[in-house]
Amino acid sequence: MPSWERRVARALRPYVSGWVAYDYRLPSTALHHGMPSASLTVVVAFDEGLDCGWLDGSGRGRFDVLVAGLHTRPSLIHTHGLQRGIQIDLTPLGARMLVGVPSGALARRIVEGTDVGWPRSLHHAMQDASWPRRSEILERFLLARLAHADPWALRSELDEAWRVLIAAGGRTRVADLAAHVGWSRRHLLARFREEFGLTPKEVARVARFEHARTLIRAGHPLAETAYDAGFADQSHLHREFTSLAALTPTQILGEFPFVHDAHTSSS
């Protein structure tokens, strides 16, 4: 099957929000838009490096282990007919605990895993292993990283501000968010951007976009989706999709499932 989810180990669940193995055979000219989300992305690619960069062509390279931070513009994946790998989606705290840097250090960036201290031997060990063994190797590596991480690396106020903003689907005023965590608005804005690399307003946009994309894929009408996801109207929804994904809400449905999308089975 093209893709399947793996159950995340209990110890990793606060840091890993998704784990998917995928094996796609596609037309050699197929392209995929990697869309903004509230997760950081790590992809371990097999057979050949993942050919990825930003939509405008900047940052493009071949990545054995791709690490992508939070962003508000689409990336573009050139599939070359075959895509095999494992993707894990990290929470911002997961970036600190498992990658070893604050998510702000990775914001709007696509880097090779070795650039953030992940050993090249990890990819080598996984390349020729069976699919179950690949996941076992990666899980063991992440658990080892977790064992040596600082559990207090992220300020509790920032962790709570992020949680509230995402849980509300982006529909929380910055002033209310600051009052909730006991900080001034100015202090929250500065610390939030320093830690996550995006402003609360940018994260709110991404959260609304993610919620709307989920509703659209579930078959909800666009007008209903716009209302439920907190957009002013359907035109606002359309503008945000073309800005964040370079695709219209209808075109989103034509994208083959890859990163952050629905998966076909679980294991």
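Structure notes:
- One residue stands out in region 23-57 among those that are touching a Pro at 6+ places or on another chain (Cβ under 8 Å) and more than 23 Å from ARG109 (Cβ to Cβ): the one that is surrounded by the most Cβ atoms within 10 Å (Cβ to Cβ), namely TYR24.
- Every pair of residues 6+ apart whose Cβ atoms lie under 8 Å, when the first sits in region 68-82 and is touching a residue at least 40 places away in the same chain (Cβ under 8 Å) while the second is assigned to a strand (DSSP E or B) and hydroxyl-bearing (Ser, Thr, Tyr): ALA68/THR41; ALA68/SER75; THR79/TYR24; LEU82/TYR24
- Residue within region 149-169 that is among the polar types (S, T, N, Q), over 23 Å from ARG7 (Cβ atoms) and within 21 Å of the chain's Cα centre (by Cα) present: no
- Filter result (within 12 Å of GLU210 (Cα to Cα) and either small (Gly, Ala, Ser) or modelled with pLDDT under 90 (or both)) within region 239-253: ALA245, ILE252
- Flag for THR91 being within 23 Å of ALA212 (Cα to Cα) and in contact with a helix residue (DSSP H, G or I) (Cβ under 9 Å, 6 or more places away or on another chain): yes
- VAL99 vs. criteria modelled with pLDDT of 95 or more and either in contact with a strand residue (DSSP E or B) (Cβ under 6 Å, 6 or more places away or on another chain) or in the same structural domain as GLY169 (by TED's automatic domain parsing) (or both): no
- Wholly within region 117-208, helices (runs of 4 or more DSSP H) carrying at least 1 residues that are at negative phi and touching a strand residue (DSSP E or B) at 6+ places or on another chain (Cβ under 9 Å): 120-127, 131-147
- Selection within region 209-245 - in contact (Cβ under 8 Å) with a residue 40 or more places away in the chain, outside any helix (DSSP H, G or I) and closer than 27 Å to ILE77 by Cβ: ALA229
- Here GLY85 clears all of (1) within 22 Å of PHE209 (Cα to Cα); (2) more than 11 Å from the chain's Cα centre (by Cα) except the condition numbered (1).
- Single residue of ARG60, ARG73 found to be of a type outside the set (A, V, I, L, M) and more than 16 Å from LEU247 (Cβ to Cβ): ARG60
- The one condition from (1) among the hydroxyl-bearing types (Ser, Thr, Tyr); (2) modelled with pLDDT of 95 or more; (3) touching a strand residue (DSSP E or B) at 6+ places or on another chain (Cβ under 7 Å) that SER37 does not meet is (3).
- Within region 149-168, restricting attention to residues that are more than 17 Å from PHE209 (Cα to Cα) and among the hydrophobic types (A, V, I, L, M, F, W, C), the residue that is surrounded by the fewest Cβ atoms within 10 Å (Cβ to Cβ) is TRP152.
- Residue in region 79-90 that is in contact with an Asp or Glu (Cβ under 7 Å, 6 or more places away or on another chain), part of a strand (DSSP E or B) and either not assigned by TED's automatic domain parsing to the domain that holds PHE192 or not polar (S, T, N, Q) (or both) present: yes
The values are calculated or read from the model by the stated rules, or taken from the named source; none is laboratory data. This structure is a prediction, so every number in the text was calculated from the model and none was measured. Positions of Cβ are backbone-derived with ideal geometry, glycine not excepted, and every protein chain shown enters the neighbour counts.
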